[in-house]
Each structure stands twice: as structure tokens, then as C-alpha cells.
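The values are calculated or read from the model by the stated rules, or taken from the named source; none is laboratory data. Source: prediction; values computed, not measured. Neighbour counts are summed over all protein chains in view; Cβ atoms, including those assigned to glycine, are modelled from backbone coordinates with ideal geometry.
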Amino acid sequence: MKIEFKAIASVAVVALSALMMGSCTADADSSGLEYMPDMYRSPAIEPYVDYGEIRGRENMDVKMKMSAMTPPAGTVPFYGTDSATVSLMLPYFRKANVAFRETHGMYGADLTSMDEYTLAVNDMNPLKLTADNAEGMFKTGKELYTAMCQHCHGEKGDGNGPMVASGAYAGVPNYADRATLSDGQMFYSIYYGKGAMGSHASQLNKKEIWTLVHYVRKFQNADYGKFDTNGLMMAAAVAMGADTTTAVK
Ligand code: HEC
């Protein structure tokens, strides 16, 4: 009995040390021998990649397989119960111009041939600027502008941002030269992009874009957002029925 136990014990010790030695390697970066690699390396399933359609090209082999599906048409994100906020954040009702299909990578978007940019002339900023909210609005506007727009449009909105000054980029307008643009057209251009300016639809939500529209107005009229003692804005009514000669065709 005693002898048998010793034999088993020594075999076990040898086996165990062999196992432990086998797990080590001289290479400090190596994980050594992996007995159960499945536990270290999970299979790379990327649920948010739609392998069935990439940049407008269909891949029929994988198209019908399960991946993260687009939500049913008409689905809107939940933005709480405040009706003003909800209506502000609803999907933008104007369609992208056909010109955007190639230039702005809007593959699969429902593009109409109608020039919705021209129609946007009549759209007013639904985010109202008042004596009470102006300070906060411009503060947020400045933060967004500094992060997303200033490198092209410049600190003063004159179109001379660092990108333009470096000579890498040209054609950025001075906002003051486009003072006749309507709120809606500005929104449209920021949302879908225009000419050499790309779409900002994925970087900014609708409230942020309308905030920026207010901020851009300040470059066009120094009195914009300043209120007199009666709570009326000092800047004259800005830009309705605007010049459409700069329309994206
Ligand atoms: C990559 C450089 C670049 C960036 C970043 C950029 N823009 Fe522009 N923007 C342009 C250019 C170029 C034009 C002129 C487009 C045209 O009229 O062909 C333009 C035009 C505009 C116009 C006039 C649109 C019209 O309908 O005539 C507005 C308003 C505007 N930009 C606001 C913004 C705001 C706000 C941001 C930040 C969210 C921004 N831009 C970011 C380059 C840029």
C-alpha cells in the first residue's frame, strides 16, 4: 500500500511539473502554451457590421444571414417625453439632393430629384432664441463650433481656419458673404454637406445643428442674439426668402 502511494505521488509530481514547465517560454511576450484557447480568444463576431451591403455593393452570400438589422421604417429614437425636444429631434424631413449620392457616400439613401435645398429657404430655426436662453445657446454653439467647424471656417467665421491658412484646403466662404442664407438652408448644408464640406449628420444631432445655426448668425450680424429691455432682438429680422443662387444642383 505504502509503495503504491509513493509511486502514484512521484508520477503525479513529475506530470505536474512537466505541465508547469511546458506553460512557460523564454519569450516574455508569449502567453505560453494555451490549453483551452477558446477561453482566451472569443470568435470575432461583429454584430453591427452589415456584411450584406457595403458602400452600396451587395454581397448576396451574406445578405440574408442574420446581423444587426436596420430598425423598421418609421422607427424614431426615444428622446424623453418633452414634446418640444421630441419634435426637434425627429428625423429631418427634407431629403438629400441627388448630387450627394456619389459625393457624400449616401449610398442607399432615398434621394429625390427635387431640389430640397431650394425649398429649405422657407424653414425657420425651431430652436427659439430668447433673452433668457441666448447666453447658454451661444456658449454651447461656441463649444461645438470650436470642435467641429473652426479648423475650416476660422475663429472669426471669415473662412480662414488653420486648414485654409495651411494651404491644404480652399473655397471656405466668409459667413458674412452668405448673410441671406435662410436658417433651413444652413441646416441643410451642415446636415447633408455642401460642395467641399462634408455631411455632419453623424457627428451632430439636430438640436446641436440648430444651435450652430444661431451661432453662425452671430458672425453675420454682431447684434444677433442681443436683446433690448423689452426682450426684442436688436438685430433686424435676418434672411428670409433668401438668395438661392448658391443652391446645390
Ligand atoms: C472641411 C472643411 C469644413 C468644415 C469642417 C465645415 N465646413 Fe462649412 N463649409 C465648407 C465649405 C468649403 C463651404 C462652401 C460650400 C459651397 O458653397 O460649395 C462651407 C459652407 C458652409 C455654410 C454655407 C452653406 C450654404 O448653404 O451656402 C455654412 C452655414 C457652414 N459651412 C457651416 C458650417 C458649420 C456650422 C460647420 C461645423 C459643424 C462647418 N461648416 C464645418 C467647409 C467646411
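Out of all the residues in region 156-169, is one or more surrounded by fewer than 17 Cβ atoms within 10 Å (Cβ to Cβ), farther than 18 Å from MET233 by Cβ, within 10 Å of the ligand (Cβ to nearest atom) and touching a residue at least 12 places away in the same chain (Cβ under 8 Å)? Full working, then the answer.
Narrowing region 156-169 to residues surrounded by fewer than 17 Cβ atoms within 10 Å (Cβ to Cβ): 156, 158, 160, 162-163, 165-169.
Subset that is farther than 18 Å from MET233 by Cβ: 156, 158, 160, 162-163, 165-169.
Pick out the ones that are also within 10 Å of the ligand (Cβ to nearest atom) and you get 163, 168-169.
If we keep only those that are touching a residue at least 12 places away in the same chain (Cβ under 8 Å) too, we end up with 163, 169.
Yes, there is a match, as at least one residue in region 156-169 is surrounded by fewer than 17 Cβ atoms within 10 Å (Cβ to Cβ), farther than 18 Å from MET233 by Cβ, within 10 Å of the ligand (Cβ to nearest atom) and touching a residue at least 12 places away in the same chain (Cβ under 8 Å).
Within region 87-118, restricting attention to residues that are assigned to a loop (DSSP other than H, G, I, E, B), of a type in the set (Ser, Thr, Tyr) and closer than 17 Å to SER199 by Cα, which residue is modelled with the lowest pLDDT? First the steps, then the outcome.
The first filter runs over region 87-118 and keeps only residues assigned to a loop (DSSP other than H, G, I, E, B), leaving 90-96, 98-99, 104-111, 113-115.
Subset that is of a type in the set (Ser, Thr, Tyr): 92, 107, 113.
Now narrow it down to the ones that are closer than 17 Å to SER199 by Cα: 92, 107.
Numbers: TYR92: 89, TYR107: 60.
Top of the filtered list is TYR107.
Taking into account only those residues within region 176-216 that are at pLDDT 95 or above and of a type in the set (Phe, Trp, Tyr), which is farthest from the ligand (Cβ to nearest atom)?
TRP210
Between VAL172, VAL213, which is assigned to a loop (DSSP other than H, G, I, E, B) and over 22 Å from VAL98 (Cβ atoms)?
On the way: VAL213 fails: assigned to a loop (DSSP other than H, G, I, E, B).
Result: VAL172 is the single residue among VAL172, VAL213 that is assigned to a loop (DSSP other than H, G, I, E, B) and over 22 Å from VAL98 (Cβ atoms).
Residue check: is PRO173 farther than 26 Å from PHE93 by Cα, touching a His at 6+ places or on another chain (Cβ under 8 Å) and within 11 Å of the ligand (Cβ to nearest atom)?
On the way: farther than 26 Å from PHE93 by Cα: yes; touching a His at 6+ places or on another chain (Cβ under 8 Å): no; within 11 Å of the ligand (Cβ to nearest atom): yes.
The answer is no for PRO173.
Can you tell me how many residues in region 216-228 are in a helix (DSSP H, G or I) and either in contact with a helix residue (DSSP H, G or I) (Cβ under 6 Å, 6 or more places away or on another chain) or without any contact (Cβ under 8 Å) to a residue 12 or more places away in the chain (or both)?
Kept after step one, since they are in a helix (DSSP H, G or I), are these residues of region 216-228: 216-220.
Okay, now just the ones that are also either in contact with a helix residue (DSSP H, G or I) (Cβ under 6 Å, 6 or more places away or on another chain) or without any contact (Cβ under 8 Å) to a residue 12 or more places away in the chain (or both), so 216, 219-220.
Within region 216-228, residues that are in a helix (DSSP H, G or I) and either in contact with a helix residue (DSSP H, G or I) (Cβ under 6 Å, 6 or more places away or on another chain) or without any contact (Cβ under 8 Å) to a residue 12 or more places away in the chain (or both) number 3.
Answer yes if at least one residue in region 75-86 is modelled with pLDDT of 80 or more, on the phi > 0 side of the Ramachandran plot and in a loop (DSSP other than H, G, I, E, B), and no otherwise.
So far as region 75-86 goes, yes, one or more of its residues are modelled with pLDDT of 80 or more, on the phi > 0 side of the Ramachandran plot and in a loop (DSSP other than H, G, I, E, B).
Given (1) surrounded by 17 or more Cβ atoms within 10 Å (Cβ to Cβ); (2) at pLDDT 95 or above; (3) more than 8 Å from the ligand (Cβ to nearest atom), where does LEU144 come up short, assuming only one miss?
Here LEU144 clears every test but (3).
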